[in-house]
Amino acid sequence: MANNRIFFAIQQVGFATPGSNSYTVGHGVQSIGITTTFNLEQVFELGQLAIYQNIENIPDVEVTMEKVLDGSPPLVTLITQAAPTRTLAGRSNQKCSVALSIFSDSQDASSGTPLTSVQMSGMNLASFGYTFPIDGSFAENVSLIGNDKVWLAGSGANFTGAFSTVDAPVGVGLVNRRQHMIFTPTVSTLDANSQVADPDCTILPRDVAGISASGTNNTDANGKFGAKVQSINVNCDLGRTELFEMGNKVPYTRFVNFPVEVTCSIEIIALSGDMIACTTLGINPDGSNASDQSIRIAIKEGLRLDLGTKNRLTNVSYGGGDTGGGNATVTYNYRNFNNCDVGHSGDVTVSLRTT
């Protein structure tokens with residue numbers, strides 16, 4: 001019997017390594033979108049106004065997804081399951097297959113044999129980002145790009161139901177929110193950049209008002225943090241380009257356009273201004289106004305983001321606190337190139353870096 005509609009409980013998404021039909025289901029997924037674009041090129045000829053031929057180049061299939069951070073492996077790690085390392089370079093050449101199965105709208109969960117399933121092979125990670133808001137759940141957003149998409153029906157849809165029992169978050173704190181950001185280090189050892197070396201602690205730039213000289217957000221005698229962080233957002237667009245060869249219609253690879261820009265935005269409640277000084281001659285001995293900073297993000301459910309030590313402040317904005325009653329805030333925007341290591345305690349294929 002045909003469905004009257006499709007809703008969240010009867011959809012499931014999974015990921016497999018190239019050539020495999022063994023899919024790992026994604027947990028905590030909030031949304032998925034699939035866009036197919038047919039790239040057409042027109043050829044005309046002298047002698048007639050009508051089109052001579054519509055040449056169809058290879059189609060583009062784009063998939064976008066969002067999931068909450070809940071202790072299950074992040075989408076980035078499922079997309080790049082065979083990656084040798086957790087760095088951008090280590091994950092850049094990995095492809096995967098993505099499947100979306102759709103079940104009967106009379107079911108309570110995605111179990112059994114699906115009505116239909118779409119399978120997309122040769123998919124590359126195109127962009128990803130992480131949002132850590134003061135209100136709401138911590139989340140991951142990804143997009144993938146590929147060229148092949150096939151719809152299958154009934155028993156031909158081999159990505160069968162994985163939600164035959166009640167599913168639940170598995171990480172420390174379950175679905176993580178603002179209270180699950182780890183600001184307190186367990187070790188006090190400093191690295192070569194005089195930042196706390198603990199990989200399981202969030203380290204923010206010393207530019208941010210309230211952050212210590214070692215990059216930590218310390219508490220006072222009353223247990224209140226020095227920096228009143230409101231949100232952190234990390235984004236990375238891999239900007240892939242197709243490479244073709246004579247004799248084949250399909251690209252033989254989609255390479256990442258290094259250098260890749262990685263951005264990080266940090267918003268805080270202003271207590272004494274943005275505390276950023278600048279002059280035409282520069283405030284540093286080398287004539288600069290800003291300096292390279294370390295950024296690492298650790299949350300209790302297991303995610304570890306390492307943006308390296310060369311994050312540079314690109315702009316800072318102070319605003320709010322107007323007569324409408326709002327609070328003054330400061331937003332610091334940082335940028336680095338090629339540094340965005342993604343690790344997770346649930347990622348069994350890539351060991352977490354310890355330094």
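Odds and ends about this structure:
Per-residue answers, yes or no, for (1) without any contact (Cβ under 8 Å) to a residue 60 or more places away in the chain; (2) assigned to a strand (DSSP E or B):
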| site | (1), (2) |
| --- | --- |
| VAL187 | yes, no |
| ALA192 | yes, no |
| ASP200 | no, no |
| PRO205 | no, no |
| SER231 | no, yes |
| ASN248 | yes, no |
| ASN257 | yes, no |
| VAL262 | no, yes |
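- For ASN54, the conditions (1) under 23 Å from ASP341 (Cβ atoms); (2) among the polar types (S, T, N, Q); (3) over 30 Å from the mean Cα position of the chain (by Cα) all hold with the exception of (1).
- Each residue in segment 301-323 was checked for being of a type in the set (A, V, I, L, M, F, W, C) and either more than 20 Å from ARG91 (Cβ to Cβ) or assigned to a loop (DSSP other than H, G, I, E, B) (or both), and 3 pass.
- Screening segment 108-140 for residues that are part of a loop (DSSP other than H, G, I, E, B) and on the phi > 0 side of the Ramachandran plot and picking the one that is nearest to the chain's Cα centre (by Cα) gives GLY136.
- Out of ALA89, ALA99, sole residue that is in contact (Cβ under 8 Å) with a residue 12 or more places away in the chain, closer than 27 Å to THR253 by Cα, among the small types (Gly, Ala, Ser) and surrounded by fewer than 16 Cβ atoms within 10 Å (Cβ to Cβ): ALA89
- Residue in segment 186-217 that is surrounded by the fewest Cβ atoms within 10 Å (Cβ to Cβ), counting only those that are among the aliphatic types (A, V, I, L, M) and under 16 Å from TYR332 (Cβ atoms): ALA209
- A single entry from ALA298, ALA290, ALA221, ALA227 fulfils the requirement of being in contact with a Lys or Arg (Cβ under 7 Å, 6 or more places away or on another chain), assigned to a loop (DSSP other than H, G, I, E, B) and of a type in the set (A, V, I, L, M, F, W, C): ALA290.
- Residue count for segment 136-185 satisfying the condition of being surrounded by fewer than 15 Cβ atoms within 10 Å (Cβ to Cβ), within 29 Å of GLU242 (Cα to Cα) and of a type outside the set (Phe, Trp, Tyr): 2.
- Tabulated pairs, segment 278-293, first under 16 Å from VAL208 (Cβ atoms) and in contact (Cβ under 8 Å) with a residue 40 or more places away in the chain, second among the aliphatic types (A, V, I, L, M) and surrounded by 14 or more Cβ atoms within 10 Å (Cβ to Cβ), C-beta under 7 angstrom, 6+ apart or interchain: ALA290/LEU313
- Count of residues meeting criterion [among the small types (Gly, Ala, Ser) and on the phi > 0 side of the Ramachandran plot] in segment 267-288: 3
- Residue within segment 227-239 that is surrounded by fewer than 19 Cβ atoms within 10 Å (Cβ to Cβ), in contact with a strand residue (DSSP E or B) (Cβ under 6 Å, 6 or more places away or on another chain) and among the β-branched types (Val, Ile, Thr) present: no
Coordinate-derived values only; no laboratory data. Being a predicted model, the structure only gives us computed values, none of them experimental. In this analysis, Cβ positions are derived from the backbone assuming ideal geometry, glycine residues included, and neighbour counts consider all displayed protein chains.
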